[in-house]
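Shown next, in structure tokens, is the structure this report addresses.
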Amino acid sequence: MKINEIIVVEGKDDTVAVKRAVKADTIETNGSAISMETLDRIAHAQKKRGVIVFTDPDYPGRRIRAIIEEYVPAVKHAFLAKEKTIAKNGKGLGIEHACDADIREALASVYTPVEAERPIEITMEDLIDARLAAHPQAKKRRTELGNLLQIGYTNGKQLQKRLHMFGISKGQFIKAVQALNQEELS
């Protein structure tokens with residue numbers, strides 16, 4: 001599988017894992033303290049070939065994603081579920097620990113942000129009704145929803161924004177919530 005866009009990862013080990021799974025070029029952020037030079041390289045890459053941000057499913061990874069998104073708003077995003085990035089010894093988390101098939105699946109399910117002018121279809125009330133906010137099980141359900149829709153984990157405040165940003169329709173949202181509810185019954 002060859003990826004035309006340049007994949008932004010956190011470090012060298014992530015580059016090794018991505019290149020093991022697919023044919024692609026990468027830019028490494030070298031952690032969450034992204035330099036302006038790196039942001040400029042990402043912006044240049046976006047203009048030339050496009051960029052896919054593929055960071056770890058943890059706080060630093062989400063922070064990196066947010067910084068890049070603010071500086072280069074039209075970048076694409078790929079996500080891996082946290083449980084697919086845990087080291088075999090259980091003492092690490094990151095893209096570098098994911099298997100090749102999971103990396104390929106994540107990169108095949110890339111999201112491109114949609115124009116912000118669209119009306120917001122999914123309301124905060126919808127999130128509360130779906131027990132994704134203001135509920136004791138909300139965090140667990142948001143994690144599962146993020147995995148189902150392949151949009152990554154978000155906190156309650158950011159979920160609505162991410163659903164809107166990636167153009168998740170109300171129908172897709174309802175279908176995913178129904179699948180969550182079905183899993184709980186099983």
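Structural remarks
- Matching residues, region 37-60, being modelled with pLDDT of 95 or more and in a helix (DSSP H, G or I): 37, 38, 39, 40, 41, 42, 43, 44, 45, 46, 47, 48
- Residue in region 108-143 that is nearest to residue 18 (Cα to Cα), counting only those that are assigned to a helix (DSSP H, G or I) and more than 17 Å from the chain's Cα centre (by Cα): 138
- Some residue of region 5-14 being touching a Ser or Thr at 6+ places or on another chain (Cβ under 8 Å), over 21 Å from residue 151 (Cα atoms) and open to solvent by 10 Å² or more (accessible area, probe 1.4 Å): yes
- Within region 21-36, considering residues that are touching a Gly at 6+ places or on another chain (Cβ under 9 Å) and modelled with pLDDT of 95 or more, the one least open to solvent (accessible area, probe 1.4 Å): 29
- Some residue of region 58-70 being basic (Lys, Arg), surrounded by 17 or more Cβ atoms within 10 Å (Cβ to Cβ) and out of contact with any helix residue (DSSP H, G or I) (no Cβ under 7 Å at 6 or more places or on another chain): yes
- Yes/no for residue 151 being touching a helix residue (DSSP H, G or I) at 6+ places or on another chain (Cβ under 6 Å) and crowded, with 20+ Cβ neighbours inside 10 Å: yes
- Answer residue from region 74-90, given it is assigned to a loop (DSSP other than H, G, I, E, B) and open to solvent by 90 Å² or more (accessible area, probe 1.4 Å) and is nearest to residue 7 (Cα to Cα) among those: 88
- Residues that are at pLDDT 90 or above and open to solvent by 90 Å² or more (accessible area, probe 1.4 Å) within region 173-186 comprise 175, 178, 182, listed in sequence order.
- Cβ pairs under 8 Å, 6+ apart, first in region 154-172 and within 18 Å of residue 55 (Cα to Cα) and part of a loop (DSSP other than H, G, I, E, B), second among the hydroxyl-bearing types (Ser, Thr, Tyr) and open to solvent by 30 Å² or more (accessible area, probe 1.4 Å): 166/111; 166/112
- One residue alone among 96, 105 is part of a helix (DSSP H, G or I) and open to solvent by 60 Å² or more (accessible area, probe 1.4 Å), and that residue is 105.
- The set of residues in region 1-26 being assigned to a strand (DSSP E or B), under 17 Å from the mean Cα position of the chain (by Cα) and not polar (S, T, N, Q) consists of 6, 7, 8, 9.
- Condition check for residue 166: crowded, with 16+ Cβ neighbours inside 10 Å, modelled with pLDDT of 95 or more and not basic (Lys, Arg): no
The values are calculated or read from the model by the stated rules, or taken from the named source; none is laboratory data. Being a predicted model, the structure only gives us computed values, none of them experimental. Using ideal geometry, Cβ is built from the backbone for each residue, glycine included, and neighbour counts are taken over all protein chains shown. Ligands, DNA and RNA are excluded from the accessible area calculation, which covers all protein heavy atoms including side chains. Shrake-Rupley method; radii C 1.70, N 1.55, O 1.52, S 1.80 Å.
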